[in-house]
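Comments concern the structure below.
The values are calculated or read from the model by the stated rules, or taken from the named source; none is laboratory data. The model shown is predicted, which means the values in this text are computed figures rather than measured ones. Here the Cβ positions follow ideal geometry from the backbone for every residue, glycine too, while neighbour counts run over all protein chains shown.
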There are 2 protein chains.
Amino acid sequence: MHILLTNDDGIEAPGLLALAQALKPVGKLTVLAPDHNWSASGHVKTLHRPLRVWHRRLADGTPALTTDGAPSDCVALAVLGLVEETIDVVVSGINPYANLGHDVTYSGTVTAAMEAAISGIPGLAFSLDGAENHGAELEYEAAAELAAGLVRQVMAQDPPRGLVLNVNIPCRPRQELRGVAITRQGLRVYRDALVHREDPRGRPYYWIGGEAPTGVPDPGTDFWALAEGYVSVTPLQLDLTAHEQVATLQGWGLEL
Amino acid sequence: MHILLTNDDGIEAPGLLALAQALKPVGKLTVLAPDHNWSASGHVKTLHRPLRVWHRRLADGTPALTTDGAPSDCVALAVLGLVEETIDVVVSGINPYANLGHDVTYSGTVTAAMEAAISGIPGLAFSLDGAENHGAELEYEAAAELAAGLVRQVMAQDPPRGLVLNVNIPCRPRQELRGVAITRQGLRVYRDALVHREDPRGRPYYWIGGEAPTGVPDPGTDFWALAEGYVSVTPLQLDLTAHEQVATLQGWGLEL
């Protein structure tokens, strides 16, 4: 099995290093990650400028490639032939905070997995909930071991070509984890607020600030799983059609 | 009715101007658009840097606001209070090429409409198929008239708060259009190829190139509607869960 590993936090991120180490026993590993942090970059494919690629090593000496492109570009570059050997699965992460609810449409970590699916390769995105409040590398290592185990189990199932899994791991000791829950995307509640300031020359500027978003922990959702101590695995699709609205809209009789 | 108009091609784009002119008779209009082109920027919310906002005028003198933020930021800024009056609907476009199939996950035009839905405001994204091959402003004007008519009809239905409509308009004379089709997202076929070049100093760089992507025109899809001469209206949702895969995954018995 040939694994492509990428992320959106960049080649220096501790979550990438931990995942690289944990995935080595699972299969042949190619690391291709952005040269800087692309958090909240969304699904970007760089068509308007050329991309550079450099050889680098991770902190433990693992050979790696890095590019000035986005997470999705890493996948596109590899799939389109920069990496010669066929890629069997794309693994993205570990993101240092959870990707839940509507977050997935903003998340570079998740969209790297989606880019894989567009190319017919299973994509698994891993995020660590609450890591921003802990930050110890040991916690990435434990989460990475768990992630590697999930990659192995999923690939043993001969998964469908378009499989995208959004995996969120609670930042808790292993013995406190209750298992794996297959979940659906929950509802985010954003509490953004506009912060108005003035620069030293008296001109206004704005921050999108406010409190951190929360989630509605309805049973069966990703928010619920994390709150209950489960590893949350949400299967995602690239079809964004609101199928149940089609009949309603047809009833509106829209005209030219 | 108070309409917020934005786009991802920037404040100078002819598609924005045409839509501004066509929407004026429909309601009170606020224009807030990026100061440069964000095509293929995906769903971005700028949290890591402050945003600037400037007063500008469109080419016809229409007052407008512009920001160094992304299309989604335009919506967030307006909704969070930069624009005082409550916004009833967000209109995005007109994009100078179609947003079909998987394109929607890359499209700034569409994600502006999604950002509206996250805030509980209906969002309508408009794109003109084939405008890149024609380019006449007159064609934007005809499409904008049509778009304004759809905004009026949709808002008359008291649409659900989370409504997101991805509207694609064929670049054809009005008399050749066959009507409005409510569609589902079709399947894109990408034909990307990696183009390998060397700079004047002999160092490699890469373009994501290849032929333009095509679509599978299955009946009922957005690709089909445009091919048949219909205006395609696809309702989108923010829930990306692949619900029909949940049972399959539960059957895999994934473990820690």
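Every residue, every condition in (1) of a type in the set (Gly, Ala, Ser); (2) free of Cβ contacts under 8 Å to residues at least 24 places away in the same chain, yes or no:
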| site | (1), (2) |
| --- | --- |
| A:ALA148 | yes, no |
| A:VAL154 | no, no |
| A:ARG197 | no, yes |
| A:TYR230 | no, no |
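Could you list, in sequence order, all residues of the range A:197-233 that are β-branched (Val, Ile, Thr) and over 18 Å from B:LYS45 (Cα atoms)? Correct list: A:VAL216, A:THR221, A:VAL231, A:VAL233. Per this entry, A:ALA70 is counted among residues that are more than 11 Å from the chain's Cα centre (by Cα), crowded, with 24+ Cβ neighbours inside 10 Å and more than 21 Å from A:GLN21 (Cβ to Cβ). Residue count for the range B:2-54, restricted to those that are within 14 Å of the chain's Cα centre (by Cα) and outside any strand (DSSP E or B): 16.
Set side by side, the residues A:LEU194, A:LEU249, A:LEU236 differ, and just one is facing another protein chain (nearest Cβ under 7 Å), under 24 Å from B:THR46 (Cα atoms) and surrounded by 15 or more Cβ atoms within 10 Å (Cβ to Cβ), which is A:LEU194. With the structure loaded, tell me whether A:VAL167 is touching a residue at least 40 places away in the same chain (Cβ under 8 Å) and either surrounded by 13 or more Cβ atoms within 10 Å (Cβ to Cβ) or over 26 Å from B:THR241 (Cβ atoms) (or both) or whether it fails that test. Spelling it out, A:VAL167 is indeed touching a residue at least 40 places away in the same chain (Cβ under 8 Å) and either surrounded by 13 or more Cβ atoms within 10 Å (Cβ to Cβ) or over 26 Å from B:THR241 (Cβ atoms) (or both). When every residue of the range B:187-202 is checked against the conditions, at least one turns out to be under 24 Å from A:LEU240 (Cα atoms), at pLDDT below 95, within 19 Å of the chain's Cα centre (by Cα) and not polar (S, T, N, Q). When only residues in the range B:209-224 that are within 11 Å of another protein chain (Cβ to nearest Cβ) and modelled with pLDDT of 90 or more count, which is nearest to B:TYR97 (Cα to Cα)? Across the range B:209-224, the extreme among qualifying residues is B:ASP222. Of the residues making up the range B:89-106, not a single one is farther than 25 Å from B:ARG184 by Cβ and over 13 Å from the mean Cα position of the chain (by Cα).
Within the range A:196-238, the only residue that satisfies the criterion of being of a type in the set (A, V, I, L, M) and farther than 25 Å from A:GLY130 by Cβ is A:LEU238. Yes or no: the range A:151-159 includes at least one residue that is among the aliphatic types (A, V, I, L, M) and facing chain B (nearest Cβ under 8 Å). Yes; the residues of the range A:151-159 include at least one that is among the aliphatic types (A, V, I, L, M) and facing chain B (nearest Cβ under 8 Å).
Among the numbered criteria (1) under 22 Å from B:ARG188 (Cα atoms); (2) surrounded by fewer than 24 Cβ atoms within 10 Å (Cβ to Cβ), which one does A:LEU82 miss? With (1) under 22 Å from B:ARG188 (Cα atoms); (2) surrounded by fewer than 24 Cβ atoms within 10 Å (Cβ to Cβ) applied to A:LEU82, the lone miss is (1). Among the numbered conditions (1) in contact with a helix residue (DSSP H, G or I) (Cβ under 8 Å, 6 or more places away or on another chain); (2) surrounded by 24 or more Cβ atoms within 10 Å (Cβ to Cβ); (3) within 19 Å of B:LEU194 (Cα to Cα), the only one that A:ALA125 does not meet is (3).
Here the range B:169-191 is the region considered, the condition is being touching a His at 6+ places or on another chain (Cβ under 7 Å) and at the interface with another protein chain (Cβ under 9 Å from one of its Cβ atoms), and the residue that is farthest from B:GLU145 (Cα to Cα) is B:ARG188. Of all residues in the range B:199-228, those being among the polar types (S, T, N, Q) and either surrounded by 15 or more Cβ atoms within 10 Å (Cβ to Cβ) or free of Cβ contacts under 8 Å to residues at least 24 places away in the same chain (or both) number 1.
If only residues of the range A:26-65 that are buried (at least 23 other Cβ atoms within 10 Å of the Cβ) and at pLDDT 95 or above are counted, the one that is nearest to the other protein chains (Cβ to nearest Cβ) is A:LEU32. Those helices (runs of 4 or more DSSP H) of the range A:55-157 in which 2 or more residues are touching a Leu at 6+ places or on another chain (Cβ under 8 Å) occupy A:71-77, A:108-118, A:137-155.
For the range A:44-59, the count of residues that are within 19 Å of A:MET114 (Cβ to Cβ) and touching a residue at least 40 places away in the same chain (Cβ under 8 Å) is at least one.
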